[in-house]
Structure formats: C-alpha cells, structure tokens
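To keep things clear, I will list the structure first and then write my remarks on it.
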Amino acid sequence: MPRTVKTSVTVTRPLEEVWRVVTSDDNLQQKRNKWIREIVKLEDNENNNAKATYRTLMRFLFFKDEIVSEITYTAPTKVSWITAPSKGPITGKGHYELQEGKTPNTTRLTFTQNIEPANLVGFFLMPVLSLTIRRFVKKNLIQLKRLVENSPEDRVA
C-alpha cells in the first residue's frame with residue numbers, strides 16, 4: 001500500500017542557481033525537518049559526488065529512529081534518495097526534479113516522495129503518516145523556494 005505525494009512550484013531563479021542550493025549540504029531537506037536531531041555525512045562516492053550517504057537520527061511522534069539515506073545527484077536536473085529506517089514505521093524514496101521554467105530565469109521544481117509501511121505498525125499508521133508527509137512535502141518545497149529566491153547569488157554558489 002505505497003503512497004506517493006507530489007508537489008511542484010515555480011522558482012524565480014535560473015535552473016543552475018536552484019541546482020546549487022538543492023545540492024548543497026547546507027540545504028539538505030533533512031536539515032529543514034523539525035523531527036531531525038542529528039545528521040552525519042558518512043561518505044561521498046562515485047563520479048565527483050554523484051552519490052552521498054547520510055545517517056540521520058530522527059524523532060517523530062513517539063518513534064526514535066536511525067535512518068540511512070543514499071542520495072544520488074543527476075546534474076543538473078534530479079536529486080533522488082532512498083531511505084532505510086532501522087526500526088521506524090515507514091520507508092521511502094523520493095526526488096527533486098528541476099526543469100527550465102516557461103519564462104526566462106525560472107525553474108519548475110517538483111518534490112516527489114513515495115512512502116510505504118516498513119512493518120505492521122507502519123501499515124496501521126499509513127493514513128495518519130500519509131497526511132503528515134503530504135504536509136511536510138508542501139512545507140519543505142515552499143521553504144526551499146524561499147531559500148533559493150532570497151539567497152544572494154554569491155551565497156548560493
């Protein structure tokens with residue numbers, strides 16, 4: 001019973017600027033998540049940082065979990081991730097997709113998150129967790145849009 005949440009926004013910055021912000025370690029989506037307690041980069045590998053692995057300590061509702069995320073960068077149009085919780089109720093994968101906007105110097109940014117239960121608890125919590133994830137995806141994308149649009153060009157690089 002996997003669920004998919006997908007939201008898009010138009011960012012009033014060129015694709016290259018959006019890419020730099022989206023792929024910066026300083027702007028990892030996990031760092032904008034109020035449930036994250038710690039995030040540690042475990043490794044960079046393959047083709048000039050085409051992949052990176054992170055360990056995240058998370059607290060969500062009454063769950064504490066350690067999550068390993070593998071992030072793959074397909075410059076300059078896609079950042080995708082796979083998450084593997086150690087004991088949490090859901091597992092997921094998702095991606096940011098960047099496209100040239102319809103007008104000059106704009107970028108269409110899409111955030112897609114797929115979640116599915118990792119255990120029996122996750123199966124029963126899916127309706128509530130789906131709603132929470134849907135809100136998180138929208139909020140995360142709006143925060144990222146503001147971050148990109150309000151970043152001076154020299155700070156983005």
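Nothing in this text is a laboratory measurement; each read-out follows from the coordinates by a stated rule. These numbers come from a predicted model, not from an experiment. Neighbour counts run over all protein chains shown; Cβ positions are idealised from the backbone, glycine included.
Chymotrypsin sites (Phe, Trp or Tyr not before Pro) within the stretch 44-131: which are DSSP loop residues with at most 14 other Cβ atoms inside 10 Å? Please report the intermediate quantities before stating the final value.
Numbers: sites: Y54, F60, F62, F63, Y73, W81, Y96, F111, F123, F124; in loops: F62.
Counting only loop positions with at most 14 other Cβ atoms within 10 Å, the chymotrypsin sites (Phe, Trp or Tyr not before Pro) in the stretch 44-131 are F62.
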> Once the Cβ-Cβ distance between I142 and E38 is put in as r, and R0 is 22 Å, what FRET efficiency do you end up with, to the nearest 0.05?
Replying inline: 0.35
> How far is it, in nm, from the label point at T10 to the one at Q99 when both lie 7 Å from their Cα along the line to the Cβ?
Replying inline: 1.3
> Here are some pairs, K64/K145; K87/K139; K6/K139; K41/K78; K51/K102; which of them have Cα atoms lying more than 23 Å apart in this structure?
Replying inline: K64/K145; K87/K139; K51/K102
>> Can you compute the label reach from R55? Point 7 Å from Cα along the Cβ direction, backbone N cut-off under 12 Å, restricted to the stretch 67-85.
In response: 67-69
>> Run the helix sum for the chain: -39,500 (n - 2.57) per DSSP H stretch of 4+ residues, divided by residue count, reported at 222 nm to the nearest 500 deg cm²/dmol.
In response: -9000 deg cm²/dmol
> With each label point set 7 Å from Cα along the Cα-Cβ vector, what nm distance links R108 and F123?
Replying inline: 3.9
> Hey, if you put +1 on the Cβ of every Lys and Arg and -1 on every Asp and Glu Cβ in the stretch 49-157, which of L144, V128, T72 ends up farthest toward the positive end of that dipole?
Replying inline: V128
> Remind me, what semi-axes does the chain give for its equivalent ellipsoid, largest first in whole Å, using sqrt of 5 times each Cα gyration tensor eigenvalue?
Replying inline: 27, 18, 14
